[in-house]
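Report on the following structure.
Readers should treat all values here as calculations from the given coordinates under stated rules, not as data from a laboratory. All values derive from a computational prediction rather than experimental measurement. Positions of Cβ are generated from backbone atoms using ideal geometry, with glycine treated the same way; all protein chains shown enter the neighbour counts.
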């Protein structure tokens with residue numbers, strides 16, 4: 001499994017917002033773009049599914065911007081990945097069995113399914129709060145660019 005640019009950038013966007021949550025005003029797309037070296041257009045494109053999944057909220061108008069819609073402890077890497085890239089699957093046949101004629105009789109399918117579940121569980125255990133704690137403890141810079 002490869003972590004996509006959308007998931008990596010989505011994490012960076014959410015981290016940036018979370019790191020500035022103490023501020024009275026929401027985080028603007030321009031400020032996130034400058035801090036994370038991500039184009040404003042790409043942030044805007046990723047913000048749509050992130051809002052739809054209730055990971056962020058948007059405030060319009062002067063002084064508007066983005067905020068986390070849930071506490072950092074309630075947002076996992078799995079949430080971000082599945083919001084931006086769809087279900088985690090190391091093989092297409094695990095999420096779309098109709099794509100493989102042998103799926104019902106495949107001797108390795110249960111092994112692949114177990115491995116896929118392990119990966120999903122690992123992604124589900126890492127929260128935005130965990131990543132923020134790692135940045136504060138010095139294992140990454142304050143303006144995190146994963």
With just the Cα atoms of the chain, tell me how far they stretch along each of the three principal axes, in Å, largest first. 58, 33, 24
Return the calculated 222 nm mean residue ellipticity for the chain, to the nearest 500 deg cm²/dmol, obtained by summing -39500 (n - 2.57) across DSSP H runs with n ≥ 4 and dividing by the residue count. -15500 deg cm²/dmol
Gain in span if fully extended, residue 102 to residue 117, counting 0.36 nm per residue against the direct Cα distance: 3.4 nm
Set the Förster radius R0 to 22 Å, insert the Cβ-Cβ distance between residue 57 and residue 136 as r into 1/(1 + (r/R0)^6), and round the FRET efficiency to 0.05. 0.35
How big is the gap, in Å, between the Cα center of region 20-46 and the Cα center of region 106-131? 30
Helix 109-125 vs. the chain, principal-axis angle (Cα, 0 to 90°, nearest 10): 20
For a test of the definition: using alpha carbon positions, the gyration tensor, and the 1.5 limit on a/c, classify region 65-114 as rounded, prolate or oblate. prolate
Quote the FRET efficiency, to the nearest 0.05, computed for residue 48 versus residue 25 with a Förster distance R0 of 22 Å and r equal to the Cβ-Cβ distance. 0.55
Quick check on region 19-80: what are the equivalent-ellipsoid semi-axes from the Cα gyration tensor, as sqrt(5λ), descending, whole Å? 17, 14, 12
Rounded to the nearest 10 degrees, the helix 40-52 long axis (Cα) sits at an angle to the longest Cα principal axis of the chain of 70
Quick note on 74, 16, 85, ordering by fewest other C-beta atoms within 10 Å, gives 74, 85, 16
